[in-house]
Amino acid sequence: MKSQRQPAPGTAHAAPHSPHPGAEPSVTTLDKLPVRAMATIREVQTAGHDGGALKRRLMELGFVPGERVQVLRRVFFGHGPLAVRVGTSTFAMRKLESSLIEVVLA
């Protein structure tokens, strides 16, 4: 009978197919994504003040979990809107909207 090793309590156990054992995917928000970096949308957060209307609008535009996204350009040294590509569409987004979109770097 073979004994199976169990990971020590409190340690991470990476999947066997993981290219970097123990590495977590790099998660950030779209407003912090570097220009030209590709990412996958993980979640769209709800803005606390609008009851979910902004989240619904973003999802109607194609900002849905699993979709690929890329920041094409930042204006005003990162303090202004972003040019963002999602799927085959390009949008200008304010920091508020882009900060609600959680992404995983590709």
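The values are calculated or read from the model by the stated rules, or taken from the named source; none is laboratory data. Since we're looking at a predicted model, the values are computed, not measured. Cβ: placed from backbone, ideal geometry, glycine included. Neighbour counts: every protein chain shown.
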field: Residue check, residue 41 under 25 Å from residue 25 (Cα atoms), of a type in the set (A, V, I, L, M, F, W, C) and touching an Asp or Glu at 6+ places or on another chain (Cβ under 6 Å)
entry: yes
field: Unique residue being among the hydrophobic types (A, V, I, L, M, F, W, C) and part of a strand (DSSP E or B) when the list is 58, 96, 72
entry: 72
- prompt: Does segment 8-22 contain any residue that is of a type in the set (Val, Ile, Thr) and at pLDDT 65 or above?
  reply: no
Total residues in segment 75-93, condition closer than 18 Å to residue 106 by Cα, part of a strand (DSSP E or B) and polar (S, T, N, Q): 0
message: Need pairs with beta-carbon distance below 9 Å; first residue surrounded by fewer than 20 Cβ atoms within 10 Å (Cβ to Cβ) and within segment 84-100, second part of a strand (DSSP E or B) and aromatic (Phe, Trp, Tyr); sequence gap 6+ or separate chains.
response: 85/91
query: Just a yes or no: is a residue in segment 43-58 closer than 14 Å to residue 101 by Cβ, free of Cβ contacts under 8 Å to residues at least 40 places away in the same chain and either touching a Cys at 6+ places or on another chain (Cβ under 8 Å) or not polar (S, T, N, Q) (or both)?
result: yes
- request: Among the residues of segment 48-106, write down those that are more than 16 Å from residue 31 (Cβ to Cβ) and of a type in the set (Ser, Thr, Tyr).
  value: 88, 89, 90
- line: Reported set for segment 60-79 where residues are closer than 19 Å to residue 96 by Cβ and not hydrophobic (A, V, I, L, M, F, W, C) is 60, 62, 73, 74, 78, 79
